[in-house]
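The next block holds one structure in the form of structure tokens; read it before the comments.
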Amino acid sequence: MVAHVVQTSCEAVSRRSGERTREILLACKLGNQLSMATSKLMRAIRVSEFGGPSVLKLHEDIPVPSPGTKQVLIRVQACGVNPVETYIRSGAFARKPNLPYTPGSDVSGVVEAVGDGVSSFQSGDRVFTTTTETGGYAEYTVASEDSVHRLSDSLDYKQGAAIGIPYFTAYRALFQKAQCKAGETVLVHGASGGVGVATCQIARAFGMKVLGTAGTPEGQALVMRNGAHQVFNHREKNYIDRIMEATDGQGPNVIVEMLANVNLSKDLEMLTYGGRVAIVGSRGPTKIDPRDTMAKESSIIGVALFSSTKEEKAECAAALLTGMDSGWLKPAVGPQYTLDKASEAHKDIIKSSGATGKMVLTM
């Protein structure tokens, strides 16, 4: 009904003032888009209490959000599932959203409408995001313009949903935190997941020797297909010896670590002099011997994408958009779930016997 009123008003303006500027008609068109969006309902996952995966509830009567100033409304085609979303859902994460909320940060889809002041996108554009304002486990989401990025025609929407958090985190870990350089050796400890694959691709593209670990034959094959020079099974007892052999006994310059509570102590023993461990993931506390850092003057560096400055995000985006255009940025999509299976996805991402690419929800 609201959309009909707006449309009628626009037509009246057009009839009465054929000499009026094109901007008036464009404003009417935008108002029409926004009114149609707000009159629709959508399916979305909502979390009304913190807890296990069962608190992820599918609702089919959630109003489609409207974009505000400098915001974009996106019709979601796919949304990445990240381990951090399980920690937030459980209430164990340091930053807790206000209840109820819809999870999900890295979506891909089509621009449905734009708010005031948006100049970079228009209706119909293929895009992906690094974060959203209203949550990505939904058929529509609103994101700030500076969190929305062009999706190359060479990638499908499932691949687009695998870019946001994984690739921006990988770039931040390698360059903004660990200060990697071409010619260095990088070990990606847990390389078969979304961030791991992204790290392998980026490190290889920027001239590093890339070593990866994975726990299954499928995962190891995936790592080799996505930039690693060598891969090791981190479930084998002697895998650290084999890594040391591959580095002529020197150890890697940088280790990008996905499970620090299990591996950090071993990482510090492996590093070469002046080496750095960039911690991307950890599921609990761990013990280390600080003397392992002293003799080698090595460093332990935490990585948190949400701490990135505006300038750092822009740097990441520029590098990754170049990667899409050049063809080396090719996300590996793993398990796929429909929206109503979100709780199952949250169970599997934590309990999986081995990652094989980025987990996504499809709409």
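The values are calculated or read from the model by the stated rules, or taken from the named source; none is laboratory data. Here the structure is a predicted model, which means the values were calculated and not measured. All Cβ positions, even for glycine, are placed from backbone atoms using ideal geometry, and neighbour counts span all protein chains on display. What goes into the accessible areas is simple: the full protein's heavy atoms, side chains included, and nothing from ligands, DNA or RNA. Shrake-Rupley method; radii C 1.70, N 1.55, O 1.52, S 1.80 Å.
Listing for the model above:
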read-out	value
By average C-beta atoms within 10 angstrom, highest first, the peptides 118-131, 314-327	118-131, 314-327
Of all DSSP beta bridges in region 95-220, antiparallel share, percent nearest 5	60 percent
Label-point gap, in nm, between Ser307 and Ser353 - each point 7 angstrom along Cα→Cβ	3.7 nm
Cα-centre dipole for the chain with unit charges at Cβ (Lys and Arg positive, Asp and Glu negative), debye to 20	260 debye
Gain on full stretching of the segment that runs from Asp340 to Asn261 - 0.36 nm per residue minus C-alpha separation	25.2 nm
Full-extension gain in nm, Glu60 to Arg291, via 0.36 nm per residue minus C-alpha separation	77.6 nm
Accessible area in the full protein assembly, largest first, 1.4 Å probe, for Arg283, Arg89	Arg283, Arg89
Kirkwood hydrodynamic radius of region 52-167, from inverse mean 1/r over distinct Cα pairs, in Å	14.3 Å
DSSP beta bridges in the chain [antiparallel fraction, %, rounded to 5]	55 percent
Cut-off 17 Å (backbone N to label point 7 Å along Cα→Cβ of Tyr87), residues of region 159-183	165-170, 172-173
Rel. contact order, % - alpha carbon contacts under 8 angstrom, at least six apart, region 122-257	20 percent
Cα centre as origin, Lys/Arg/Asp/Glu Cβ charges: region 153-297 dipole, Debye	200 debye
Residue (of Ser154, Val47, Ala318) at the positive-pole extreme of the chain, dipole from beta-carbon charges	Val47
Positive dipole terminus of region 223-273, leading residue within Asn238, Met224, Met270 (C-beta point charges)	Met224
Ala182 versus Glu133: modelled label distance in nm, points set 7 Å from Cα along the beta carbon direction	4.1 nm
Distance histogram in 5 Å bins (all Cα pairs of region 263-361, percent per bin)	2, 10, 12, 12, 15, 18, 18, 8, 3, 1, 0
Distance between region 329-363 and region 254-296 - C-alpha centres, whole angstrom	27 Å
Around Tyr101: net Lys/Arg minus Asp/Glu count, Cβ-Cβ under 10 Å	+3
Residue (of Asn98, Gln122, His346) at the positive-pole extreme of the chain, dipole from beta-carbon charges	Asn98
Estimated FRET transfer efficiency (Glu218, Ser120; beta-carbon r; R0 25 Å; 0.05)	0.05
Relative contact order %, the chain, counting alpha carbon pairs below 8 Å whose residues are six or more apart	16 percent
Region 103-256: projected area of the alpha-carbon convex hull, averaged over directions, in nm²	10.5 nm²
Whole-number percent relative contact order across region 51-177, with pairs defined as alpha carbons under 8 Å at least 6 apart	29 percent
Protection proxy ranking of 251-260, 98-107, 346-355 - average other beta-carbon atoms within 10 Å, highest first	251-260, 98-107, 346-355
Longest to shortest principal axis, alpha-carbon extents of the chain, angstrom	82, 42, 33
Coarse-grained scattering of region 206-290 at q = 0.17 Å⁻¹, given as base-10 log I(q)/I(0) from a Debye sum over alpha-carbon atoms	-0.72
Cβ charges +1 (Lys, Arg) and -1 (Asp, Glu), total dipole of region 180-254, debye	160 debye
